[in-house]
Amino acid sequence: MLEYAQRIKSLPPYLFAQIDQKKREKLAQGVDLIDLGVGDPDIPTPQPVVEAMKRAVEKPENHRYPSYEGMLSFREAVADWYKRRFGVQLDPATEVVTLIGSKEGIAHFPLAFVNPGDVVLCPDPAYPVYKIGTLFAGGEPYFIPLKEENGFLPDFRSVPEAVLRRAKIIWVNYPNNPTSATADESFYRELLQWARERNIVVASDLAYSEIYFGDRKPPSILQIEGAKEIAIEFHSFSKTFNMTGWRLGMAVGNKNLVAGLGKVKTNVDSGQFQAVQEAGITALNLPESELEKIRSTYRERREAMVRALQEVGLEVFRSEATFYLWVKVPKGYTSAEFVSKLLEECGIVCTPGNGFGEHGEGYFRISLTVPTRRLLEAVERIRGLKL
Ligand SMILES: *Cc1c(COP(=O)(O)O)cnc(C)c1O
């Protein structure tokens, strides 16, 4: 048998494998599992988007290879949406590239700019792809802890100068998965100034910009003056429009960064199916009331769940964005132990915080991607535990 390459062998062990195994056992025993583990919306894609896809599939011109950088009409719709939502002006021809889901772009981006030995600054805890993309490019991830006392914002000033000399990219993700924390304009302004002085590219993952519940909408980093000189932003249709299965996203911002990513993509994929991009145009032009409906579903679930968890004595990080709750494990347990207990004794699947990095230890993540009735049933089961 041919051995795996070093880059696969050096991947960290799959932390969820054990939970998956137990989950399968429970299901086989006929346990009524409540799965709060995965970040995958349970609400279907808005009907107008589905209808647009049906029409687009019928068109023979969509059956051929798409353009590498994406349809111009799609990139124009992205630019229009950024203008409406964030007041950010983008040139659709040079500052937007279509992605096959944002994960694809996030994973490929370091291949364009990271040489072996270069450092990429990644948050911890975090979406794992920042680290994996870095490793696949031969780079070294350096982890900046996200701590509750800092509102789960990275203290980038704490990174040693010796590390900074080799650093090429810093990743940020607000509203944040897994902590649900948000960042404001002043955070981005300070980060950009710091990064510009050190010639470090800022890569922002804005997957959750539309899942918010407060009066202040989450900003784009590109709203900050001068951001386009050193920043690229990754966005996704998955969470905004309940389109995880469709695989559609975009990267926008500095044109050299967008072009570099485009060069990688030209050589490894041949673009996203044009019918999906046409449906994406419809999604970007949905009336705001469609998104408000999605938000109000999550808002109701969040409020009910936060209240119920507090009643049983669990401490939830207070935030007004994302469909996650970041909860402290009770005293006397590790994240893995407590998540195991929830599965064994309550039939509830949650994600242990350390699955997102060592600084996630002491927490677990709940996904609000099941109906309120099931969330409350989960809390009733937790209430029965001796903690
Ligand atoms: C879900 C998610 C994405 C989006 O992934 P897609 O590939 O667009 O489905 C990106 N970043 C974070 C942090 C996420 O949670």
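The values are calculated or read from the model by the stated rules, or taken from the named source; none is laboratory data. These figures come from a predicted structure and were not determined experimentally. Cβ sites come from the backbone with ideal geometry, for glycine too, and all protein chains shown count toward neighbours.
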Q | Residue that is surrounded by the fewest Cβ atoms within 10 Å (Cβ to Cβ) [pool: residues in segment 258-316 that are in the same structural domain as Val57 (by TED's automatic domain parsing) and basic (Lys, Arg)] | A | Lys263
Q: Filter segment 165-185 down to the residues that are touching a residue at least 12 places away in the same chain (Cβ under 8 Å) and surrounded by fewer than 20 Cβ atoms within 10 Å (Cβ to Cβ), then identify the one that is farthest from the ligand (Cβ to nearest atom).
A: Arg166
Q) Is it the case that some residue within segment 96-105 is among the acidic types (Asp, Glu), exposed (fewer than 15 other Cβ atoms within 10 Å of the Cβ) and modelled with pLDDT of 95 or more? A) no
Q. Of Glu148, Glu69, which residue is more than 16 Å from the ligand (Cβ to nearest atom) and at pLDDT 95 or above?
A. Glu148
Q: Could you list, in sequence order, all residues of segment 151-164 that are at positive phi and within 16 Å of the ligand (Cβ to nearest atom)?
A: Phe152
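A quick yes/no check of all residues on (1) under 20 Å from Thr282 (Cβ atoms); (2) not hydrophobic (A, V, I, L, M, F, W, C):
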{"position": "Asp32", "(1), (2)": "no, yes"}
{"position": "Gly39", "(1), (2)": "no, yes"}
{"position": "Val50", "(1), (2)": "yes, no"}
{"position": "Asn62", "(1), (2)": "yes, yes"}
{"position": "Arg75", "(1), (2)": "yes, yes"}
{"position": "Trp81", "(1), (2)": "yes, no"}
{"position": "Ala107", "(1), (2)": "no, no"}
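When you scan segment 223-230, do you find a residue that is at pLDDT 95 or above and either within 16 Å of the ligand (Cβ to nearest atom) or in contact with a Pro (Cβ under 6 Å, 6 or more places away or on another chain) (or both), even just one? Explain how you work it out, then say what you get.
Quick first cut of segment 223-230, residues at pLDDT 95 or above only: 223-230.
Of the ones still in play, those that are also either within 16 Å of the ligand (Cβ to nearest atom) or in contact with a Pro (Cβ under 6 Å, 6 or more places away or on another chain) (or both) are none.
Within segment 223-230 (the criterion being at pLDDT 95 or above and either within 16 Å of the ligand (Cβ to nearest atom) or in contact with a Pro (Cβ under 6 Å, 6 or more places away or on another chain) (or both)), the answer is no, since none of the residues qualifies.
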Q: Would you check if there is a residue in segment 198-211 being farther than 21 Å from Gly253 by Cβ and either aliphatic (A, V, I, L, M) or surrounded by fewer than 20 Cβ atoms within 10 Å (Cβ to Cβ) (or both)?
A: yes
Q | Residues being at pLDDT 95 or above, of a type in the set (D, E, K, R) and outside any loop (DSSP other than H, G, I, E, B) - total across segment 361-373 | A | 1
Q: May I ask you to list the residues in segment 231-240 that are of a type outside the set (Lys, Arg) and within 11 Å of the ligand (Cβ to nearest atom)?
A: Phe234, His235, Ser236, Phe237, Ser238, Thr240
Q) Can you spot a residue in segment 60-71 that is within 20 Å of Leu257 (Cβ to Cβ), surrounded by fewer than 20 Cβ atoms within 10 Å (Cβ to Cβ) and in contact (Cβ under 8 Å) with a residue 12 or more places away in the chain? A) yes
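Is at least one residue of segment 158-173 closer than 22 Å to Ser367 by Cα and either in contact with a Pro (Cβ under 9 Å, 6 or more places away or on another chain) or at pLDDT below 95 (or both)? Talk me through it step by step, then tell me what you get.
Here is the first cut: in segment 158-173, the residues closer than 22 Å to Ser367 by Cα are 172-173.
Next, from what is left, pick out any that are either in contact with a Pro (Cβ under 9 Å, 6 or more places away or on another chain) or at pLDDT below 95 (or both): 172-173.
Yes, that holds for at least one residue.
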Q. Among the residues of segment 79-98, how many are in contact with a Ser or Thr (Cβ under 8 Å, 6 or more places away or on another chain) and either within 16 Å of the ligand (Cβ to nearest atom) or not β-branched (Val, Ile, Thr) (or both)?
A. 3
